[in-house]
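K.L.:
Here's a structure for you.
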Amino acid sequence: MVQTTPEKCRKRIYTPGRQLCDQLLVGLLLLLPYLGLCVLRHLAEPYAPRPLVFLVYAGAVLAYAVLLIFVSYAILPFAVSRRLRPKLVAKVAAVYGQQDHDAPMVGYSPGSEMQRFGMVSHKDFGLLIFKPDVLTYCGDTMTFGLAPQQVEEATVVEQSFWGIKVPRLLIGWRQDPDQPLQGFTLEAWDASTLWQSRAAAQNLFQRIERWRGSA
């Protein structure tokens, strides 16, 4: 694997500032039901026992918190990926000279274990370009390529991120036969929700296996 970071990649498509703005927007949208709960609590207090009002209000706040976390990590990333895909395809063509509008979009993380990169579970995101002699990752900030004989294993795993099981593809590879096995993970982003990402991860696994088998 040879990693490079072209100078043109210094300007990122999805900056940490934009990530924060997206999360704040979701929080603002979900804040409206919470404000509604506060109003209902104020209106109900004169007509219902205080302990009952408190229990209902506490349960509603807990449900709101769970919903906020769920939307932020099970739906928002996939909505963002659909929005960013056209920009990523254009950047890959301009920076790397690779054009494949149907290439799988993935989130990349080094190592075999789940890591946190701020509020997200991936270090970079990009496209996988399949060619008979090389699998190339063309990302927002980096690129690398692997030959079929360098990829020794591919496995679909589920790893926990803030308590949510995220399906990922674990890739084991060696630069040379006498070097230790290394790994990285890919999150399949060609999906609309976390549940659909499981099928997308399985499809990506099958495609990589077909690529390895055809070499």
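The values are calculated or read from the model by the stated rules, or taken from the named source; none is laboratory data. Quick caveat, the model's predicted, so the values are computed rather than measured. Cβ: placed from backbone, ideal geometry, glycine included. Neighbour counts: every protein chain shown.
K.L.:
For the range 163-206, which residues satisfy the criterion of being assigned to a helix (DSSP H, G or I) and under 13 Å from Glu153 (Cα atoms)?
P.N.:
Taking the range 163-206 as the starting set, the residues that turn out to be assigned to a helix (DSSP H, G or I) are 194-206.
Within the range 163-206, Phe205, Gln206 qualify.
K.L.:
Does Gln182 meet the test of being out of contact with any Gly (no Cβ under 8 Å at 6 or more places or on another chain) and over 23 Å from Leu88 (Cβ atoms)?
P.N.:
Working: out of contact with any Gly (no Cβ under 8 Å at 6 or more places or on another chain): no; over 23 Å from Leu88 (Cβ atoms): yes.
Considered against the rule, which asks whether it is out of contact with any Gly (no Cβ under 8 Å at 6 or more places or on another chain) and over 23 Å from Leu88 (Cβ atoms), Gln182 comes out as no.
K.L.:
Take the residues of the range 110-150 that are assigned to a loop (DSSP other than H, G, I, E, B) and of a type in the set (Lys, Arg): which is modelled with the highest pLDDT?
P.N.:
Looking only at the range 110-150, we keep the residues that are assigned to a loop (DSSP other than H, G, I, E, B), and these are 111-116, 118-119, 121-123, 132-133, 140-142, 147.
In the following step, the residues that additionally are of a type in the set (Lys, Arg) were identified as 116, 123.
Details: Arg116: 79, Lys123: 89.
Of everything passing the filter in the range 110-150, Lys123 is modelled with the highest pLDDT.
K.L.:
Which condition breaks for Trp173 when tested against (1) among the aromatic types (Phe, Trp, Tyr); (2) closer than 23 Å to Ala103 by Cα; (3) loosely packed, with under 14 Cβ neighbours inside 10 Å?
P.N.:
Here Trp173 meets the rest and fails (3).
K.L.:
Sticking with this one: Would you call Phe184 within 16 Å of Ser121 (Cβ to Cβ) and aromatic (Phe, Trp, Tyr)? Walk me through how you get there before you give the answer.
P.N.:
On the way: within 16 Å of Ser121 (Cβ to Cβ): yes; aromatic (Phe, Trp, Tyr): yes.
Against the criterion (within 16 Å of Ser121 (Cβ to Cβ) and aromatic (Phe, Trp, Tyr)), Phe184 qualifies.
K.L.:
Please indicate, with yes or no, whether at least one residue in the range 90-106 is closer than 25 Å to Gly172 by Cβ, surrounded by fewer than 19 Cβ atoms within 10 Å (Cβ to Cβ) and modelled with pLDDT of 90 or more.
P.N.:
No, there is no match, as no residue in the range 90-106 is closer than 25 Å to Gly172 by Cβ, surrounded by fewer than 19 Cβ atoms within 10 Å (Cβ to Cβ) and modelled with pLDDT of 90 or more.
K.L.:
Something else: Which one is nearest to Val134 (Cα to Cα), of the residues in the range 86-109 that are of a type in the set (Gly, Ala, Ser) and in a helix (DSSP H, G or I)?
P.N.:
We begin by selecting, within the range 86-109, every residue of a type in the set (Gly, Ala, Ser); these are 90, 93-94, 97, 103, 107, 109.
Next, only the ones that are in a helix (DSSP H, G or I) stay: 90, 93-94.
Values: Ala90: 21, Ala93: 17, Ala94: 20 Å.
Residue satisfying both the conditions and the ranking: Ala93.
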